[in-house]
Each structure stands twice: as C-alpha cells, then as structure tokens.
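First up is the structure itself, then whatever we jot down about it.
Every number in this text was worked out from the coordinates using simple rules, so none of it is lab data. All values reported here derive from a predicted model rather than from experimental measurement. In this analysis, Cβ positions are derived from the backbone assuming ideal geometry, glycine residues included, and neighbour counts consider all displayed protein chains.
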Amino acid sequence: MTKVLMVCLGNICRSPLAEGILQFKVDASKVQVDSAGMQGYHVGELPDKRSIKVAGENLIDITDQRARLFQVSDFDTYDFIYAMDTSVYKNLIEKASSEKEKTKVKLILNEVFPDENMDVPDPYHSSLFAFRNVYTMLDEACDIISKDLE
Ligand code: 4NP
C-alpha cells in the first residue's frame, strides 16, 4: 500500500480537493490518500462548501472528509507528502527531522511544471471560479501522480 498525504493551510479548500481527486484516480486497494492542514482553525470541519460543490460537479464526493492538523508522525505514515504551495512546503521541510523525511515532501504543481515552484493559489477569500481553477490544476497534477503510482 502506497500512502499519499495532501497538505494545505486550513485543510478545507485545496487539500480536500487534492485528496478526493487522487483517490478517484487510483486503485483504493493499492493507494491510500489523506489530507491535513498546517493550522488548526478549521479542525473537525467539513471541506469548504465551494470545494464540495466543485468536486461534486466532477462526480467526486468529499463530504466524508474532516479537517485535521498535520502531525510530525505523518512523516512516518506517508510515502509522499504533497504541499499545495511554497509556504506549506517550507513549513513541512522545517518540521522534518531527517533527510529521508524531507525527500518525502514535494510541491504538487512541480509534477506538472517541474522546478517552477508554482503555488496552487489559496482560494479561501475568492469566488467559486477560483475553486474551479484550483480543481483544474489539481486534476492535472493528480493525473500525473496517479500514473506514476501505477
Ligand atoms: P486551504 O484554504 O488552505 O486551501 O484549506 C484556507 C482555508 C482557511 C484559511 C486559509 C486558507 N483560514 O485562514 O482560515
């Protein structure tokens, strides 16, 4: 079983979408996907209504997800840890306690645009359009990730 963790700031907008999209694309008996946030304001909450809506437009149900905080023990549990933006990436690297843990951390859009270090923009204060844009970016990244995992 390969284990993949998607990480953003609040675990209510971007990483729940990334979790839902990747899980939809992989064989659940081979790949387990989860998500987490770097800050705790929304712990225990459902994904943002706009993420739920955009996922639903693409026939993906993310309403079983609840926000949780990233824990350092996630470095042991997961094989790949994808940060949604460079700030989350840096924060994760700071929390890593070995080179092995650091190599698990990747910036998700580098799957699509290698070495460009692009962010999935935080859509929290934006419109549904921004969430659709986030979906498109994550769909492309998760396509590549899922094929690499096959
Ligand atoms: P996310 O978006 O990191 O994609 O879940 C955010 C959600 C909430 C906040 C920031 C970003 N917030 O500051 O509450």
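What are the pairs with Cβ atoms under 7 angstrom where one residue, in the stretch 20-46, is charged (D, E, K, R) and the other, located anywhere, is away from the ligand (no atom under 12 Å from the Cβ)? Sequence gap at least six, or different chains.
Lys25/Cys142; Lys25/Asp143; Lys25/Ser146; Lys30/Met1; Lys30/Thr2; Asp34/Leu5; Glu45/Arg66
Within the stretch 130-147, restricting attention to residues that are more than 16 Å from the ligand (Cβ to nearest atom) and either in contact (Cβ under 8 Å) with a residue 12 or more places away in the chain or farther than 23 Å from Gln32 by Cβ (or both), which residue is surrounded by the fewest Cβ atoms within 10 Å (Cβ to Cβ)?
Here the residue is Ile144.
In the stretch 109-129, is there at least one residue being out of contact with any Phe, Trp or Tyr (no Cβ under 7 Å at 6 or more places or on another chain), among the charged types (D, E, K, R), under 22 Å from Met1 (Cα atoms) and surrounded by 15 or more Cβ atoms within 10 Å (Cβ to Cβ)?
yes
Any idea how many residues of the stretch 7-63 are within 13 Å of the ligand (Cβ to nearest atom) and part of a loop (DSSP other than H, G, I, E, B)?
Total meeting the criteria: 16.
Quick one: is Ala83 small (Gly, Ala, Ser) and within 21 Å of Val26 (Cα to Cα)?
Yes, satisfied.
May I ask you to list the residues in the stretch 64-91 that are in a loop (DSSP other than H, G, I, E, B) and within 15 Å of the ligand (Cβ to nearest atom)?
Correct list: Gln65, Arg66, Ala67, Arg68, Phe70, Met84, Asp85.
Each row is one residue, and each column tells you yes or no for (1) surrounded by 14 or more Cβ atoms within 10 Å (Cβ to Cβ); (2) over 17 Å from Ala141 (Cα atoms); (3) of a type in the set (Val, Ile, Thr).
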{"residue": "Pro16", "(1), (2), (3)": "yes, no, no"}
{"residue": "Ala28", "(1), (2), (3)": "no, yes, no"}
{"residue": "Gly37", "(1), (2), (3)": "yes, yes, no"}
{"residue": "Ile60", "(1), (2), (3)": "yes, no, yes"}
{"residue": "Thr86", "(1), (2), (3)": "no, no, yes"}
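Find all pairs meeting these conditions: Cβ atoms under 6 angstrom apart; at least six residues apart or on different chains; first residue within the stretch 73-95 and under 20 Å from Glu111 (Cβ atoms) and touching a residue at least 60 places away in the same chain (Cβ under 8 Å); second residue of a type in the set (Asp, Glu) and surrounded by 13 or more Cβ atoms within 10 Å (Cβ to Cβ).
Asp85/Asp119
Does Ser97 satisfy being outside any helix (DSSP H, G or I) and more than 16 Å from the ligand (Cβ to nearest atom)?
yes
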